[in-house]
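Below is one structure, written out as C-alpha cells, with a few remarks after it.
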Amino acid sequence: MSRTAYVNGSYVSHAYASVHIEDRGYQFADGVYEVWAVRQSKLLDSEAHFRRLNRSLGELRIPSPMTDQSLAHVLREVVRRNRVKNGLVYLQITRGVAPRDHAFPNEIISSIVITAKSTNAELAEKAAKAGVAVVTMNDERWARCDIKSVSLLPNVLAKQAAHEKGASEAWMVDDKGMITEGASSNAWIVTLDGVLTTRNLSPDILGGITRERVLTLAAERQLQVDERAFSKKEVLEASEAFITSSTNLVMPVVKIDNEAIGNGKPGPLASALRKDYLQSAAT
Ligand code: PDD
C-alpha cells in the first residue's frame, strides 16, 4: 500500500512529498514537532499533545497554520488514509519559506507536514518483556529543552552513540552529574523503598505527555512519586528503571552503562504501568 503525507494543504504520495529548499526548518531547524501514539486508529492523549504543540509554537512565535480543530481533522485523515491501527503520527510546523536570513522574515506562512506509520505491537511487547539498555552521556543540548523543537542534533548524536554501544537509549547527564532525560524519552527509576522518581519539569527536559499520563496512572495506583533529579549512582541502587515516550510508551530499562539495574530484569512497576497505559489507551 502506498503511503500518504499531508504537506501544506494537500494530501500527497509519501514518496514524492517535499518542501522548498529555503524552508527555515531545513536551513535553521526553525520549527517544532509532535508525535502522537496511535492505538485502535485513535490518537492517544490528543489534547495534551495540542497543548504542548501550541506552547512550543508560542515560545518560538511561530503562528499555527490552522486551528486545532482543523489540525485534528487532518491528523485523523492521515491516519485513515495510511490505514494505521497501531503506530505513530508525526507533525512538523516550521516558520516557513523565505530567503535565508537569520532574523524572522516579515511576511511568512508557516509550513506543515504530517506523516503516519504503522508499528509492530508484537515486537514492542517482546522488547518490553526483555527490557532495554541505556548508556549515559553528557547533556550537550541548549537551555530550552522544554520546547519540542526540531533542532535535535545533540539528541541524534547521543542516540547514535548509544546504538554504537549496543544500547537503545542515551540518558543525558547535566553538569551536576544528574540525569536529565533520554535522547527521545523521559527517564524514571523506582527506589528501593518503592518511590517512583522522575526529573521535575523545567527547561532542562521536555515535559513528556507519556510522563504526564504515567503520573496519573501512578496516582490511581496510589504510588509514591517524587519529581526530582537523580544520579547514575541512584539508578544503580534502584530496584527498577524505565523510559516513557509516545514511541515506547512505558519501556523497562535493565542496564545502564553495561551494569544491571535491580535484578537485571524488567521491574514489576514498569510492567504494571505499561499494562495500565495500554489498557487506558484501549478504552
Ligand atoms: N520524543 N524527551 C525527549 C527529549 C523527547 O524527544 C521525547 C519524545 C520525550 C517524551 O515525550 P512524549 O512522552 O510526549 O512522547 C521526552 C519523540 C517521541 C520523538 O522525538 O520521536
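Rule-based calculations on the coordinates, nothing more; no lab input. Quick caveat: nothing in here was measured; it's all calculated off a predicted structure. Glycine gets a Cβ as well: all are built from the backbone with ideal geometry, and neighbour counts include every protein chain shown.
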The answer for the chain, counting only DSSP H helices whose Cα atoms cover 15 angstrom or more along the axis and whose Kyte-Doolittle average is 0.0 or greater, is 209-220
With the 8 Å Cα cutoff and a minimum separation of six or more residues, the chain has a relative contact order in percent of 17 percent
Note on the range 124-282, DSSP bridge orientation, antiparallel percent to nearest 5 equals 65 percent
For 151-160, 130-139, 10-19, ranked highest to lowest by mean beta-carbon neighbours within 10 Å, the order is 130-139, 151-160, 10-19
From the Cα centre of the range 210-283 to that of the range 120-141, the distance in Å is 12 Å
Cα convex hull volume per residue for the range 124-282, in Å³, equals 103 Å³
For LYS265, counting only lysines whose alpha-carbon sits under 28 Å away and dropping same-chain residues fewer than eight positions off, the answer is LYS126, LYS129, LYS159, LYS165, LYS232, LYS233, LYS255, LYS275
Note: probe point = Cα of SER151 + 7 Å toward Cβ; backbone nitrogen < 20 Å; residues of the range 178-219 passing the test are 180-185, 202-208
Most exposed to least, judged by fewest other Cβ atoms within 10 Å, SER280, SER271 sort to SER280, SER271
Rg from C-alpha atoms of the range 210-283, normalised by the globular rule of thumb 2.2 N^0.38 Å, equals 1.11
Taking only C-alpha positions in the chain, Rg and Dmax in angstrom work out to 19.2, 58
Listed residues ASP175, ASP204, ASP226; largest mean-square fluctuation, Gaussian network over the chain with Cα springs below 10 Å, found at ASP175
The farthest towards the positive end of the charge dipole of the chain, of the residues ALA72, SER246, ASN138, given +1 on Cβ of Lys and Arg and -1 on Cβ of Asp and Glu, is ALA72
Against the 2.2 N^0.38 Å rule of thumb, the C-alpha Rg of the range 104-180 sits at a ratio of 1.47
Taking R0 as 41 Å and r as the Cβ-Cβ distance between GLU122 and HIS102, the FRET efficiency 1/(1 + (r/R0)^6), rounded to the nearest 0.05, comes to 0.30
One checks the Cα atoms of the range 1-133 and finds Rg and Dmax, in Å, of 16.1, 52
With 0.36 nm assigned to each residue of separation and the Cα-Cα distance removed, LYS233 to TYR11 gains 74.9 nm
Against the 2.2 N^0.38 Å rule of thumb, the C-alpha Rg of the range 199-239 sits at a ratio of 1.29
If each K or R counts +1 and each D or E counts -1, the residues other than ASP45 whose Cβ falls under 13 Å of its Cβ total +3
To the nearest 20 debye, the chain has a Cα-centred charge dipole, built from +1 on Lys and Arg Cβ and -1 on Asp and Glu Cβ, of 960 debye
A student applying the Cα gyration tensor rule (rounded when a/c is under 1.5; otherwise prolate if a/b is larger than b/c, oblate if not) would label the range 8-64 oblate
